[in-house]
Amino acid sequence: MIEILSNYLTGALLIIGSAFAVVAAIGINRLPDVYSRMHAASKAGTLGSGVMLIALAIYAQDTGTTLRALAGVVFFLLTAPISSHLLAKAAYAVGYPMWKGTVLDEMPPDSRIGADD
Amino acid sequence: MRPDELFLAASELIALALLSAAFLLTVYRVVRGPTLPDRILGLDMLVAAAIGFIAVIGIRTGYTLYVDIAIALGLVGFLATVAFARFVLARGKTEGVLPPGREREVRDRT
């Protein structure tokens, strides 16, 4: 009984996770600049691989594998925002252009504290 | 074959097909660019897709030692993205530099 349930749950989580991965890939191709592409890659991409690892954790019968898969999910959820924030900060500091439809740039060069006004 | 095993086998195949599509779309973005941060972002996304592949293969073969490989791959991907970000910061802007009056082309190229 519990095996039937875990089979159904694992299959559903696999499809959900790969659908998130596809959405992230479409977002990477369709969004206009690197800052908005980062939304797709770091949120939907991380969620996709995390959900598929949770599927593996549910499918695995022994405690060690389940715990390692869950530790991997926690690790990805911790590191993905750090790496993409660092990449966005580096791209912004170097001056890669934003999309021309961007409505708000909160750190334009002449608004920093101590700048001449 | 019981219906739940059939469902699991079908979902594994569907997941592999969807992950392949995601992988190829991301490769297209990595190849196309147009800037270095776009390519770094694409490589980060490729690591996420590879982790998804590893999870599906681990379920399909029952060889759950693949979880350790997935964790190590995630660590390597994180460190690679951080190192690439430091590289972007250290290198400065060297691409898309056009003479005055032509910056609009860079901005419009998506």
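The values are calculated or read from the model by the stated rules, or taken from the named source; none is laboratory data. Quick caveat: nothing in here was measured; it's all calculated off a predicted structure. Heads up, the Cβs are rebuilt from the backbone with ideal geometry, glycines too, and the neighbour counts pull from every protein chain shown. Please note that ligands, DNA and RNA were not included when accessible areas were found on the heavy atoms of the full protein model with its side chains. Shrake-Rupley method; radii C 1.70, N 1.55, O 1.52, S 1.80 Å.
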Handout entry: Per-residue HN-Hα couplings for the stretch A:78-87 [Karplus 6.51, -1.76, 1.60; θ = phi - 60°; Hz; x = Gly/Pro]
Key = 7, 8, 4, x, 5, 5, 6, 5, 5, 5
Fill in the blank from the handout: In whole Hz, the Karplus estimates of ³J(HN,Hα) for the stretch B:35-45 (6.51, -1.76, 1.60; θ = phi - 60°; x where Gly or Pro) are 10, 5, x, 4, 5, 4, 4, x, 5, 4, 5
Completion exercise
Candidates B:ARG86, B:ARG29, B:ARG39; GNM for chain B (alpha-carbon contacts under 10 Å) flags as most fluctuating B:ARG86
Practice task
Rounded to the nearest 100 Å², what's the accessible area chains A and B bury against each other, both chains counted, probe 1.4 Å?
Solution key: 4700
Problem - Only Lys, Arg (+1) and Asp, Glu (-1) charged, at Cβ; the protein assembly as shown dipole about Cα centre in debye - result: 500
Practice task
Excluding A:THR10 itself, calculate the net charge of residues whose Cβ lies under 12 Å from the Cβ of A:THR10, where each Lys or Arg counts +1 and each Asp or Glu counts -1.
Solution key: -3
Problem - chain A, helix-only ellipticity at 222 nm - DSSP H runs n ≥ 4, -39,500 (n - 2.57), divided by all residues, nearest 500 - result: -24000 deg cm²/dmol
Completion exercise
Mean-square fluctuation maximum in Gaussian network of chain A, Cα pairs under 10 Å, restricted to A:THR46, A:THR66, A:THR102, hits A:THR102
Exercise for the section: Send over a whole-number figure in Å² for the accessible area per residue of chain A, probe 1.4 Å. Expected result: 54
Practice task
Taking chain A as the reference, fit the longest principal axis to its C-alpha atoms, fit the long axis of helix A:45-59 to the helix C-alpha atoms, and give the angle between the two in degrees, 0 to 90, nearest 10.
Solution key: 10
Practice task
Go through the stretch A:5-29 and flag every residue whose accessible area shrinks by 20 Å² or more with all protein chains in place compared to the isolated chain (probe 1.4 Å).
Solution key: A:ASN7, A:TYR8, A:GLY11, A:LEU14, A:ILE15, A:SER18, A:ALA21, A:VAL22, A:ALA25, A:ILE28, A:ASN29
Exercise for the section: Compute the signed sum of charges (Lys and Arg +1, Asp and Glu -1) over the other residues within less than 15 Å, Cβ to Cβ, of B:ARG60. Expected result: -2
Completion exercise
To the nearest 10 degrees, the tilt of helix B:66-91 (Cα long axis) against the first principal axis of the alpha carbons of chain B is 0
